[in-house]
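Read the structure below first, then the notes.
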Amino acid sequence: DLFVGVPGLEPGKAGPESALLPLSVFVFLWVNDTGAYCVGSLLGRHKLFPRISPGKSWEGSIGGAVFVLAAAWAISTYLDGEMLTLWAWLGLGLVVVIFGTWGDLVESLFKRTLGIKDSGNILPGHGGMLDRFDSSLLAIPAAVVYLYTLSLF
């Protein structure tokens, strides 16, 4: 079973907190996307990878990361260290930010290479279904590896 080594997801430990780790990964992804968009819209001057994704800026990426670290701190404070330490939550947030951004850039590169603007019309105005989940394609496996590694120590 893939989740055996992930804290809070072991068989027999189903409770309200057992869904918190997977949910937190999505929360971090959404906070990162929203924070990066808002900060990038206001302060974005330096393009991250203009040939791949011209709308992304370094300022937005850093802003998204700051918002994710704040969310990780808030979750850690709320849980009072019951599931993960503050440092583990902050690490998880950074893993999600880094790999989520890479996932988004990889999907943008695929679309650009294939000459596709949107990956579908199921979610109008959102660039398609894949655009809603592109960041999770690399962030989720990276988060699982991170949490599994933490469980070894």
| remark: The residue that is nearest to residue 93 (Cα to Cα), considering only those in segment 32-72 that are assigned to a helix (DSSP H, G or I) and of a type in the set (D, E, K, R), is 33
| remark: Being touching a residue at least 24 places away in the same chain (Cβ under 8 Å) and among the acidic types (Asp, Glu) narrows 33, 80 down to just 33
| task | Report, ordered by the first and then the second residue, all pairs with beta carbons closer than 7 Å, sequence separation of six or more or different chains, a first member in segment 37-54 that is at negative phi, and a second member that is surrounded by fewer than 17 Cβ atoms within 10 Å (Cβ to Cβ) and in a helix (DSSP H, G or I). | result | 46/58; 48/58; 52/109; 52/112
| message | Going residue by residue through segment 41-50, is there one that turns out to be under 18 Å from the mean Cα position of the chain (by Cα), crowded, with 17+ Cβ neighbours inside 10 Å and at pLDDT 95 or above? | response | no
| request: Test each condition in (1) among the polar types (S, T, N, Q); (2) under 17 Å from the mean Cα position of the chain (by Cα); (3) at pLDDT below 95 for residue 119 and report the one that comes out false. | output: (2)
| said: Condition (residue is modelled with pLDDT under 90, surrounded by 13 or more Cβ atoms within 10 Å (Cβ to Cβ) and either among the aromatic types (Phe, Trp, Tyr) or more than 18 Å from the chain's Cα centre (by Cα) (or both)) applied to segment 18-36: is it met by at least one residue? | reply: yes
| query | Taking residue 24 and the conditions (1) outside any helix (DSSP H, G or I); (2) in contact (Cβ under 8 Å) with a residue 40 or more places away in the chain, which numbered condition does it fall short on, given that it satisfies the others? | reply | (1)
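The values are calculated or read from the model by the stated rules, or taken from the named source; none is laboratory data. Predicted model only: the values in this text are computed from it and were never measured. Every residue, glycine among them, receives a Cβ derived from its backbone with ideal geometry; neighbour counts consider all protein chains shown.
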